[in-house]
Amino acid sequence: MKKSLERQWWKEGIVYQIYPRSFQDTTGDGVGDIRGIIQRLDYIKNLGVDIIWLNPIYKSPNDDNGYDISDYQNIMEEFGTMEDFDLMLSEMKKLGLRMVMDLVVNHCSDEHQWFVESKKSRENPYRDYFHWWPAENGTPPERWSFFDVASNAWKYEKETDAYYLHYFSQKQPDLKWENPKVRQEIYDMMTFWFDKGIDGFRMDVIPFISKDISFPELPKEYNGEFIPYYANGPKLHEYLREMNQKVLSKYDIMTVGEAIGVSVDRALDFVDDDRKELNMFFHFDLLALDREEGETFKMRSDQWKLTEFKEIHSKWDAVFAEKGWGSMFLNNHDFPRSVSRWGNDSTAHWYNSATMLHTFLLSMKGTPYFYYGEEIGMTNVRFNNIEDYKDINTINRYKSIVDNGGDVKAFIENEKDASRDNARTPMQWSVAANAGFTTGKPWIKVNENYKEGINVDSQISDKSSVLNYFRRMVDVRKQNLVLIYGDYQLLLKDNEEIYAYTRTLDEDRCLVLLSFSTKKISITLDELNFETAKLLISNDEDHAVRVKKDAVFSIKPYQAMIYKLS
């Protein structure tokens, strides 16, 4: 019996994420801009991707690189104008590309007019747009902040003798979703962008929007962990359903939530179609794999294991086996480059690592998200000096280390692998100065390995390049629905060097073999029938095993292979 498919463009589409500040500068000011994106649309289209996700381009003072928004319906001057935006959207549509924007509504900028008014007096009409704690009630209950030097999410304002809440930096006050006027302002803003013709939103820290506004002490069941508490507010799902009913349901769009703090057992509360909330979300289990337990930014002292990597992906695949839909990603603007983190960026293994990870993302179930430069195998930059870092997260944590007499050298060593700035260096277009990103001084240093083949121009005409492998693998996914909708089954569960699995849809079945090892590995898969096996793709086809009737594979370091079994 054939499986009934609920086909959707956002399930079958491949997403390409652009960090506008670092993509392409056309003015020489060292900052990427909208005109730069327009200039590169043909390149993006030729990758075979379908959807472009833009990090925030709204008006912002840039305390957190655009995630502190001062005007939701205007464009940041560094990036261009609303006319530039309209042209970009029009050109995307001509090419058959869809656009997803960032929705940042847990907080805004302290320079947003709402907050400017809110802090003027306790009687101001905008006072209740934010969370305020009157000083006469004493010190507010502890709330942890991601970016505050003292990790304190309450900031005292002398003008009205009160504290305001900021889960992130002091310049990012949290909006009070409990106020229906705030929610309506947000829904009106979303409608403004949908009416312009955008195709969806990626929703920044969306589980944090609901708060218990009595602000009790952190409940004991959270064991001192604030993030899962923040992600489980009392009216979260009420607000998401209201957003869906009032806005999302009226358009043919996609939504993806950044679901930090959301556990497996709560996943379907967000994305089960029957609940009418979101289409999918990004979970954070993988992103915690190489960090110390309970630490968001500190790298773990021992090496993560492939069995742990497999367990995470197998667990989350099972959640969406019958209901909902998942997402697949290995890096983004907040997390280091995938080939450096999950592969091996040494000269000997860089090519196979980068292409193996492409094979993985494009052969798993769930909408795949790629980050600009991932298609050419861009790597971590690993800055040695604090002066080279631009990210508020790294800078404020460095200040805290210094203030508390901590080990500055160890901190910098940690940031070489952990810093968000690893993912924010300029796109590497060519061997020209600054990798062809700008004719001026780039806002953040370019990774010098653009001179060594990690650039678009060097790879685009090379049939055996990382870039052209990515394009071939995109074609393989699109030509085989089994790789999009097929059931996933893990093989060799306890093997620490090979990730093997099948994807099955009706009579179609594929075998995926991925090496995460620096050594040549032999495996046997007796449980599968290889009589009609056909190699679909490999990142080392000269050494791919042409399977006859046996099931013995000799796999080179970081090699990837996909076989069609039936």
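The values are calculated or read from the model by the stated rules, or taken from the named source; none is laboratory data. Computed from a prediction, not measured in an experiment: that's the story for all the values here. Cβ atoms come from the backbone with ideal geometry, glycine included; neighbour counts cover every protein chain shown. Remember, those area values only see protein heavy atoms, side chains included, never the ligands or the DNA or RNA. Shrake-Rupley method; radii C 1.70, N 1.55, O 1.52, S 1.80 Å.
See the values below:
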read-out	value
Inter-label distance, nm, simple model (7 Å from Cα along the C-beta direction), Ser566/Ser263	3.8
Anisotropy class of segment 332-396 from Cα gyration tensor, a/c 1.5 cut	oblate
Set of lysines near Lys276 by C-alpha distance (under 16 Å), chain-local residues within fewer than 8 positions excluded	Lys235, Lys246, Lys250, Lys323
Burial order of peptide ranges 118-129, 197-208, 160-171 (average beta-carbon count within 10 Å, highest first)	197-208, 160-171, 118-129
Helix 82-94 vs. the chain, principal-axis angle (Cα, 0 to 90°, nearest 10)	20
Segment 248-407 - Kirkwood radius from inverse mean 1/r over Cα pairs (Å)	17.8
Rounded Å value of the spacing that divides the Cα centres of segment 18-42 and segment 94-124	23
Segment 12-166 - percent of accessible surface contributed by carbon and sulfur, probe 1.4 Å	44
Of Lys94/Lys196; Lys181/Lys211; Lys3/Lys478; Lys171/Lys409, pairs whose Cα-Cα distance is over 21 Å	Lys171/Lys409
Phi to ³J(HN,Hα) by Karplus 6.51 cos²θ - 1.76 cosθ + 1.60 over segment 62-78, Hz, x for Gly, Pro	6, 5, 10, 6, x, 8, 10, 9, 9, 7, 6, 10, 9, 9, 4, 4, 4
Cα shape, segment 1-75, gyration tensor, a/c 1.5 rule	oblate
Long-range HN-HN contacts of Ile75 with modeled amide H, under 5 Å	Lys59, Met82
Phi-based couplings in Hz for segment 403-416 (Karplus 6.51, -1.76, 1.60; Gly and Pro marked x)	4, 9, x, x, 8, 5, 4, 5, 4, 5, 4, 5, 5, 4
Net charge dipole size for the chain [Lys, Arg +1 and Asp, Glu -1 on Cβ; Debye, nearest 20]	1380
Amide H partners (placed H, <5 Å) of Tyr501, local residues excluded	Leu491, Val512
Residue list for segment 208-231, given a label point 7 angstrom along the Cα-to-Cβ vector of Glu142 and an amide N cut-off under 19 Å	212, 214-231
Point-to-point label distance, Ser249-Val431, nm (Cα→Cβ direction, 7 Å offset)	5.8
Stretch gain in nm, segment Ile395-Ala321, where the contour uses 0.36 nm per residue and the Cα spacing is subtracted	22.5 nm
Average Cα contact separation per residue, the chain, under 8 Å, 6 or more apart, as relative contact order %	13
Estimated FRET transfer efficiency (Ile460, Glu507; beta-carbon r; R0 30 Å; 0.05)	0.20
Fully extended contour minus Cα-Cα distance, from Glu123 to Asp42, at 0.36 nm per residue	23.9 nm
Per-selection metrics, segment 134-235 (Cα): Rg and Dmax in Å	15.6, 48
Amide H within-cut-off set for Cys108, under 5 Å, with H built and near neighbours excluded	Leu175
Estimated distance in nm for a label pair at Val149 and Glu531, the labels positioned 7 Å out from Cα along Cα-to-Cβ	7.3
Relative contact order, percent, segment 216-302 [alpha-carbon distance under 8 Å, six or more residues apart]	25
Quotient of Cα Rg and 2.2 N^0.38 Å for segment 53-154, N being how many residues it contains	1.38
Relative contact order computed over segment 386-474 (Cα-Cα under 8 Å; 6+ residues apart), in percent	20
Rounded to 5, percent antiparallel among DSSP beta bridges of the chain	65
Reduced Cα scattering model of the chain, Debye log10 I(q)/I(0), q = 0.06, 0.07 Å⁻¹	-0.30, -0.41
Under the Karplus curve 6.51 cos²θ - 1.76 cosθ + 1.60, θ = phi - 60°, whole-Hz ³J(HN,Hα) for segment 261-269, x wherever Gly or Pro sits	x, 9, 8, 3, 5, 10, 4, 5, 4
Probe 1.4 Å, accessible area per residue of segment 238-320, Å²	44
Kirkwood-based shape ratio for segment 445-566, expressed as Rg/Rh from alpha carbons	1.02
Rg to Rh, two decimals, where segment 288-347 supplies the alpha carbon set and Rh follows Kirkwood	1.00
Centre separation in Å (Cα based) which lies between segment 202-247 and segment 65-79	25
Potential extension, Lys196-Asp494 segment - 0.36 nm per residue separation minus Cα distance	102.3 nm
Mean shadow area of segment 379-452, taken as a quarter of the surface of its Cα convex hull (nm²)	4.9
